[in-house]
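Worksheet: the structure to be examined is printed underneath.
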Amino acid sequence: MGIQLKSIVPWGRNAEEYQRMFDLHLVDRSSKILDCGGGPASFNAEMTEQGYSIVSCDPLYQFSAAEIEQRVEATWRSLLTKIEANRSSYVWDDRIASPQQLGQVRLAAMRRFIQDLSIGLSENRYVVAELPNLPFADDRFDLALCSHLLLTYSDLLPIEFHLQSIEELLRIAKQVRIFPILNASGARSIHLETVLNSFRAKLQIVPYEFQIGGNQMLVIDR
Ligand SMILES: C[S@@+](CC[C@H](N)C(=O)[O-])C[C@H]1O[C@@H](n2cnc3c(N)ncnc32)[C@H](O)[C@@H]1O
């Protein structure tokens, strides 16, 4: 039994984690990518620096850098305490060897994001927006990524929200990838079967596993 979350937490991963979660090694620099629910991840900052075309959207971006930093710092201690109490639900390896190191990796990602936020907002790489309605034109992106929001928060977000959100992502992107397919407690999302049956969707194993058994992404084609 993993952790229980009562709200959606601002917790950000880095580009190396995104590349493994979404198996991005075949994605080239000309692809237009949306990171939906990007939060304080450093994916956009790091990938932009490498010449990729990334837009991130999240309601979190309405807040100032100082407010976001404060929210992340306020959240991470209690989250780490929960993870520490459930250590056996996670894979600890040389990349992330302990809850303490996890905290450092997440804070480093958030700080990289914070440094990039002001310039990224001015370049429209960070957009204040929330599912299920996004302010992007039809077909604007090749790929929409959604990490640790849809399916992860299945206990808080109902199936109707999931179906509407995926339809919206398919309106603006040719393909949608969602990771992981487990909820925050580490159980398979209760919405997964319905989603699989409602779209052209398949599961794919990826080279990333932090929640035990959480090494599959959901790939949905328009
Ligand atoms: C757990 S964080 C994940 C951040 C990032 N994707 C990652 O994996 O590192 C979840 C994010 O989803 C955002 N969020 C919550 N509701 C949302 C919605 N309706 N549409 C888009 N983003 C939302 C939150 O603000 C938060 O930043």
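Estimated at 0.36 nm per residue, the fully extended path between residue 95 and residue 28 surpasses their Cα-Cα distance by 21.6 nm.
What separates the Cα centres of the stretch 13-76 and the stretch 156-222 is a distance of 18 Å. For the chain, the calculated P(r), taken from all Cα-Cα distances in 5 Å bins from zero up to the bin holding the longest distance, is 1, 7, 15, 20, 22, 18, 12, 4, 0 percent. Ignoring lysines fewer than eight residues from residue 174 along the same chain, the ones with Cα atoms less than 18 angstrom from its Cα are 32, 202. Please list 3J(HN,Hα) in residue order for the stretch 107-116, calculated via the Karplus relation 6.51 cos²θ - 1.76 cosθ + 1.60 where θ = phi - 60°; whole Hz, with x for glycine and proline. Values, residue by residue: 5, 5, 4, 4, 5, 5, 4, 4, 4, 8 Hz. In terms of other Cβ atoms within 10 Å, 130, 73 run from fewest to most in the order 73, 130.
Neighbour counts of other Cβ atoms within 10 Å put 179, 210 in the fewest-to-most order 210, 179. Amide H contacts under 5 Å for residue 145: 34, 35, 36, 177, restricted to partners 5 or more places along the chain or on a different chain, H placed in the peptide plane at 1.01 Å from N. The amide H of residue 90, built 1.01 Å from its N in the peptide plane, has 212 as neighbours under 5 Å, considering only residues 5 or more places off or on other chains.
Charges were assigned to the Cβ only: +1 to each Lys and Arg, -1 to each Asp and Glu. The resulting dipole of the chain about its Cα centre is roughly 280 debye.
FYI, it's all coordinate maths here, none of it is from the lab. Here the structure is a predicted model, which is why all the values come from computation and not from measurement. Glycine also receives a Cβ, built like all others from the backbone with ideal geometry; neighbour counts cover every protein chain displayed.
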